[in-house]
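Asker: Pasting a structure here, questions to come.
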There are 2 protein chains.
Amino acid sequence: MDFKDGSVGIVQPQRFRCEQPITLQCRKTLPHYELIFETYGTLNAAKTNAVLVCHALSGHHHAAGYHSAEDKRPGWWDACIGPGKAIDTNRFFVVSLNNLGGCHGSTGPTSINPDTNKPYGPDFPIMTVKDWVNSQHALMLHLGIPHWSAVVGGSLGGMQAMQWAMDFPDLVRNAVVIAAAPKLSAQNIAFNEVARKAILSDPDFCEGHYYEHNKYPKIGLSLARMLGHITYLSDAAMREKFGRELRNGAISFDFNVEFQVESYLNYQGEVFSKNFDANTYLLMTRALDYFDPAQDYDHDLRKALAQAKARFLVLSFTTDWRFSPERSREIVEALLAARKQVTYADIECPQGHDSFLLDVPRYINLFKAYMNSIQLDGGN
Amino acid sequence: MDFKDGSVGIVQPQRFRCEQPITLQCRKTLPHYELIFETYGTLNAAKTNAVLVCHALSGHHHAAGYHSAEDKRPGWWDACIGPGKAIDTNRFFVVSLNNLGGCHGSTGPTSINPDTNKPYGPDFPIMTVKDWVNSQHALMLHLGIPHWSAVVGGSLGGMQAMQWAMDFPDLVRNAVVIAAAPKLSAQNIAFNEVARKAILSDPDFCEGHYYEHNKYPKIGLSLARMLGHITYLSDAAMREKFGRELRNGAISFDFNVEFQVESYLNYQGEVFSKNFDANTYLLMTRALDYFDPAQDYDHDLRKALAQAKARFLVLSFTTDWRFSPERSREIVEALLAARKQVTYADIECPQGHDSFLLDVPRYINLFKAYMNSIQLDGGN
């Protein structure tokens, strides 16, 4: 094995089958379900060092390490998880799962619906962040974890960390909310809607039953991903990466891919559309749209957060225009108004929303310092 | 007739058929072509009061007034053109045309290709801002206009005003460049590419020959427009207009249109896709991508603008994120470095890029003051 320092090395996904039914916010019930997950590090004897990592829109359980010695790409958050890293696996026992409704091994639209013996497809119930937290709670019980030392996530993952602190205040010591927002803006919803429309209107979507028709809405999903990708990068990052460079040096006066940035986006869309399920993508964008924890508290985020007992770390990135620093500050202000302990930093970084996935020293150092400050004695 | 004060009233489109061939930047030649245009106000005896209005991505010749007494919607820039308005038709003779390649009456992809006796479709040559300026110059000669008192436009229209000042320095006294940019950023190109991809990959696009197949890439064009529309509005304007309001009051847990903003975007996409030609949309986005007047001057905008003799008015809007105020300031700085006369204002306005079309008092007053300061004696 020749992995670089700081890697958790080779990891094996595990499965949890929950035989308890789960009733979802949409009022539908799944009689049982499976969650695929990975763990990194070791649960200490006192069981006080568990950290839950929640994934974002297109994430999954494989957050760190490699699946084999030949594996070239590590997990999606390998920049932050490993021995000596921000989430130090010498200290913490890290749990990372694929959310319910996902397409990487947990029960979702591609799973067989026991009622029909066909894939659920579009009949898989719509999930909310609250539903995910409930299913993650079942996994927690299964693993015998009495509380999370921290629940951590970026973007949609950060929303899950917030929801955990609100729904299970006694089970969360720290909530790390990175590049998130208290709810989506109209513009955020608008981008999601165009992405959904691209998928739904692809003739190969077959109203979501594409598996049975042996078809796949590749073009729609590819468009959705291209569009999403634009919102993950800052204008500055795109300029830095591609400028206005032409692929072949000169303008060709046609509608073929000409600029480097077009080529990059097309490639991203193409790859993604081969590796992700369209019904899951629809689900994930709706979960984002619906996230609005203040809704049941007179639209007052302070009231929604009043019940939380966790300490909070909130991080934003200066060039993130998907969930801008202002959105993180709304969370911070609500936490302060609710007299919660909160550490906040707006990290100067050119890469936009995607920064939370990257090895940005200023970010990693701050994140690490916070995680290292966490006491593992059962208190905060 | 019961039009409100300040309207130019009922107007009639006119046609100019140019029998001179035009050779385009793509090296193709159109042997002849037609431009549809409207005029408002009267050319004075000295012929010193002509103003050319250039349209943006989805614009056309009908910029002001009404086509009939029953017509409910005035031209697209009626907020700025009319008696007593910013471009005062009591003073100026305004010419507004549909650009070559357009789909509102000028020669474009829907026109019959004399070589095949079928619509040009995808074989219509790709146009550039420079080509448009050349065709507009032919119209100018046809109308017997010796110079433009001003060339005026917003967005892609502002780019044409800049190009005029560079290509025909002796024929332009003033260039009014509103909400424009000296060239597109990688992010701007990326949005255009997703829009194009949506159209090109619509099965009803038929490689651009949809007319012959009696089909139309309605879904692709609708997606392109929805996406464009997001970039025309500021996040704040969307919040103001829609917030996160649900259409039916409560979440329905499905993928139907639920939020007001989704409904609005879908409507916009639907209407647009019925009234615009997909091949023209592709052309227009490529003209935007290719606009880069500094390219032939060592990528130095100052050098490109050195030849201009016009006075410039440059306007931007604080919440425009499509072509942000920074992009306008790049133009201003290049003009100052080239020792040109330039007036610049960044107008505080919540509506984003679309502000240039709206009746925003601060904007209109400034625009009007500038236009009123123009001497009509043949000098500046």
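The values are calculated or read from the model by the stated rules, or taken from the named source; none is laboratory data. None of the values given here were measured: they were computed from a predicted structure. Cβ placement follows ideal geometry from the backbone for every residue including glycine, while neighbour counts extend to all protein chains displayed. Side chains included, ligands, DNA and RNA excluded: accessible areas come from the protein's heavy atoms. Shrake-Rupley method; radii C 1.70, N 1.55, O 1.52, S 1.80 Å.
Asker: In this structure, is residue A:233 touching a helix residue (DSSP H, G or I) at 6+ places or on another chain (Cβ under 6 Å), within 7 Å of another protein chain (Cβ to nearest Cβ) and open to solvent by less than 50 Å² (accessible area, probe 1.4 Å)? First the steps, then the outcome.
Answerer: Working: touching a helix residue (DSSP H, G or I) at 6+ places or on another chain (Cβ under 6 Å): yes; within 7 Å of another protein chain (Cβ to nearest Cβ): no; open to solvent by less than 50 Å² (accessible area, probe 1.4 Å): yes.
Considered against the rule, which asks whether it is touching a helix residue (DSSP H, G or I) at 6+ places or on another chain (Cβ under 6 Å), within 7 Å of another protein chain (Cβ to nearest Cβ) and open to solvent by less than 50 Å² (accessible area, probe 1.4 Å), residue A:233 comes out as no.
Asker: Open to solvent by less than 30 Å² (accessible area, probe 1.4 Å) and within 15 Å of the chain's Cα centre (by Cα): which single residue out of A:58, A:155 fits that description? Outline the logic, then answer.
Answerer: Details: A:58 fails: open to solvent by less than 30 Å² (accessible area, probe 1.4 Å).
Answer to the selection: A:155.
Asker: If you check residue B:27 against the conditions, is it assigned to a loop (DSSP other than H, G, I, E, B), open to solvent by 10 Å² or more (accessible area, probe 1.4 Å), in the same structural domain as residue B:153 (by the TED database) and under 30 Å from residue A:252 (Cβ atoms)? Quick ask: steps written out before the conclusion?
Answerer: Working: assigned to a loop (DSSP other than H, G, I, E, B): yes; open to solvent by 10 Å² or more (accessible area, probe 1.4 Å): yes; in the same structural domain as residue B:153 (by the TED database): yes; under 30 Å from residue A:252 (Cβ atoms): yes.
Answer is yes for this residue.
Asker: Sort through B:283, B:305 and tell me the only one that's farther than 27 Å from residue B:60 by Cβ and surrounded by 18 or more Cβ atoms within 10 Å (Cβ to Cβ).
Answerer: Numbers: B:283 fails: farther than 27 Å from residue B:60 by Cβ.
None of the other options fit; the residue is B:305.
Asker: Within the stretch B:99-132, can you find the residues that are within 28 Å of residue B:167 (Cβ to Cβ) and of a type in the set (A, V, I, L, M)?
Answerer: Matches in the stretch B:99-132: B:100, B:126, B:127, B:129.
Asker: Being touching a strand residue (DSSP E or B) at 6+ places or on another chain (Cβ under 6 Å) and either within 13 Å of chain A (Cβ to nearest Cβ) or among the polar types (S, T, N, Q) (or both) is the filter here; which residues of the stretch B:171-199 pass it?
Answerer: B:174, B:189
Asker: Taking the criterion of being more than 10 Å from chain A (Cβ to nearest Cβ) and of a type in the set (Lys, Arg), would at least one residue in the stretch B:283-292 satisfy it? Can you show your working first?
Answerer: In the first step, residues of the stretch B:283-292 are kept if they are more than 10 Å from chain A (Cβ to nearest Cβ); the result is B:284, B:287-288, B:291.
When the remaining residues are screened for being of a type in the set (Lys, Arg), the result is none.
Within the stretch B:283-292, not a single residue is more than 10 Å from chain A (Cβ to nearest Cβ) and of a type in the set (Lys, Arg).
Asker: Please go through the stretch B:281-310 and pick out each residue that is of a type in the set (Asp, Glu) and under 24 Å from residue B:101 (Cα atoms).
Answerer: First pass over the stretch B:281-310, keeping only residues of a type in the set (Asp, Glu): B:289, B:292, B:296, B:298, B:300.
Correct list: B:289, B:292.
Asker: Against the definition (open to solvent by 10 Å² or more (accessible area, probe 1.4 Å) and either in the same structural domain as residue B:128 (by the TED database) or touching a Pro at 6+ places or on another chain (Cβ under 7 Å) (or both)), how does residue B:41 come out, yes or no? Steps first, answer last, please.
Answerer: On the way: open to solvent by 10 Å² or more (accessible area, probe 1.4 Å): yes; either in the same structural domain as residue B:128 (by the TED database) or touching a Pro at 6+ places or on another chain (Cβ under 7 Å) (or both): yes.
Spelling it out, residue B:41 is indeed open to solvent by 10 Å² or more (accessible area, probe 1.4 Å) and either in the same structural domain as residue B:128 (by the TED database) or touching a Pro at 6+ places or on another chain (Cβ under 7 Å) (or both).
Asker: Which one of B:6, B:59 is on the phi > 0 side of the Ramachandran plot, away from every other protein chain (no Cβ under 14 Å) and outside any strand (DSSP E or B)? Spell out the reasoning first.
Answerer: On the way: B:59 fails: on the phi > 0 side of the Ramachandran plot.
Answer to the check: B:6.
Asker: Please find, within the stretch B:236-253, the residue that is least open to solvent (accessible area, probe 1.4 Å) out of those that are without any contact (Cβ under 8 Å) to a residue 40 or more places away in the chain and more than 7 Å from chain A (Cβ to nearest Cβ).
Answerer: We begin by selecting, within the stretch B:236-253, every residue without any contact (Cβ under 8 Å) to a residue 40 or more places away in the chain; these are B:238-239, B:241-253.
Imposing the further condition that a residue be more than 7 Å from chain A (Cβ to nearest Cβ) reduces the set to B:241, B:245-250, B:252.
Working: B:241: 116, B:245: 112, B:246: 28, B:247: 118, B:248: 131, B:249: 63, B:250: 63, B:252: 59 Å².
Result: B:246.
Asker: For the stretch A:263-280, what are the residues that are within 22 Å of residue B:187 (Cβ to Cβ) and either aromatic (Phe, Trp, Tyr) or open to solvent by 10 Å² or more (accessible area, probe 1.4 Å) (or both)?
Answerer: First, pick out the residues of the stretch A:263-280 that are within 22 Å of residue B:187 (Cβ to Cβ): A:263-273.
Within the stretch A:263-280, A:263, A:264, A:266, A:267, A:268, A:270, A:271, A:272 qualify.
Asker: Give the number of residues within the stretch A:200-218 that are facing chain B (nearest Cβ under 10 Å) and surrounded by 24 or more Cβ atoms within 10 Å (Cβ to Cβ). Don't jump to the end; show me each part of the working.
Answerer: Residues of the stretch A:200-218 that are facing chain B (nearest Cβ under 10 Å), as a first pass: A:200-204, A:208, A:218.
Checking the rest, the ones that are also surrounded by 24 or more Cβ atoms within 10 Å (Cβ to Cβ) come to A:202.
Total meeting the criteria: 1.
Asker: Something else now. For the stretch B:323-350, give me the residue count where each residue is open to solvent by less than 80 Å² (accessible area, probe 1.4 Å) and touching a strand residue (DSSP E or B) at 6+ places or on another chain (Cβ under 7 Å).
Answerer: 13
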